[in-house]
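Derivation of every value follows stated rules applied to the coordinates shown; laboratory data play no part. These numbers were taken from a predicted model, which means no experiment stands behind them. Here the Cβ positions follow ideal geometry from the backbone for every residue, glycine too, while neighbour counts run over all protein chains shown.
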Amino acid sequence: MTKSILITGCSTGIGYYCAKALHDGGFRVVASVRNPQHLARFEEIGIPCIILDLADDASIKQGFDEAVALCDGKLDALFNNGAYGQPGAVEDLPTDVLRAQFETNLFGWHTLTCLAVAHMRAHGGDSRIIQNSSVLGLVALPYRGAYNASKFALEGLTDTLRMELNGSNVQISLIEPGPIVSEFRRNARLAFEQHIEIANSAHKTEYEAQLTRLNAQSTPQKFTLGPEAVYEKLLHALTAKRAKPRYYVTFPTYLMGYLKRLLSSAWLDKVLLKNR
């Protein structure tokens, strides 16, 4: 039987690659994007695509209903992927900006996940929900406080959900990438410039260095992998008889997961501050 899956955040990067790869591999894929301008590229490759804004509950509900209809009434899997990173020192983050980060990266995912769980329980069969987290859901880095917090919260909420769904027909997994080739850095730069007051900040010098790094689009971070590395983990989470609770992607994720278990908080801080 062909498995059906809804994937969020498919405009570019991980979402686009995984939607196309799963479609080519025989899955019944429904992609979702926030910007209607990105619908055309999916029409060209024959993948149904819907509008779904993770910061809008009405859009999430409507998008989910459309996805289910496109799958003839039964959705087997959900890959929560749509997210963005809001840079800035914690003391410079307006509360509304932090709230917006959580609205897209956590609350929207929660709304969509709850819809999916209810649907999957009602329709039975082997069902999967996969959350695309981050190495920054394992460890924190300076000037990524909003994104760190959203991913730390996602990890806790997903771990709890996984235990609560134990014994049901729904399996839950987290994928934890490190640096992956995508539009993430460009979008982070735009969010940084839009919401953070740089000129009068105590962190002005560091911010200028951050902007230089964010603007260096042609220079990927060390250990950066392509989106196919995430796809390999996603495919296992979708097809294995027993999906893993967590899938690390990229060397930094494996390293940070190991160091977090090995080092004290003080020593881990030293390592992270030196290699930020």
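Just a few scattered comments:
- Average Cα contact separation per residue, segment 4-274, under 8 Å, 6 or more apart, as relative contact order %: 19
- When each of the peptides 3-15, 89-101 is scored by how many other beta carbons lie within 10 Å of its residues on average, the order from highest to lowest is 3-15, 89-101.
- Members of K244/K270; K74/K241; K20/K151; K61/K241; K233/K270; K151/K241 lying beyond 24 Å, as alpha-carbon distances in this model show: K244/K270; K20/K151; K61/K241; K233/K270; K151/K241
- When each of the peptides 126-134, 249-257 is scored by the mean number of other C-beta atoms lying within 10 Å of its residues, the order from highest to lowest reads 126-134, 249-257.
- Amide H within-cut-off set for L174, under 5 Å, with H built and near neighbours excluded: Q131, R246, Y247
- Helical runs (DSSP H, four residues minimum) scored at -39500 (n - 2.57) apiece and divided by the length of the chain put the mean residue ellipticity at 222 nm at -15000 deg cm²/dmol.
- Which of L75, L52 has the fewest Cβ neighbours within 10 Å, and the rest in rising order: L75, L52
- Qualifying chymotrypsin sites (Phe, Trp or Tyr not before Pro) for segment 187-253 [loop in DSSP, other Cβ within 10 Å: at most 15]: F223
- Ascending count of other beta-carbon atoms within 10 Å, so fewest first, for H38, H23, H123: H123, H38, H23
- Extension gain (nm, one decimal) between A122 and K260, 0.36 nm per residue minus Cα-Cα: 45.8 nm
- Neighbourhood charge, 15 Å Cβ-Cβ cut-off, centred on I180 and excluding it, Lys, Arg +1 and Asp, Glu -1: +1
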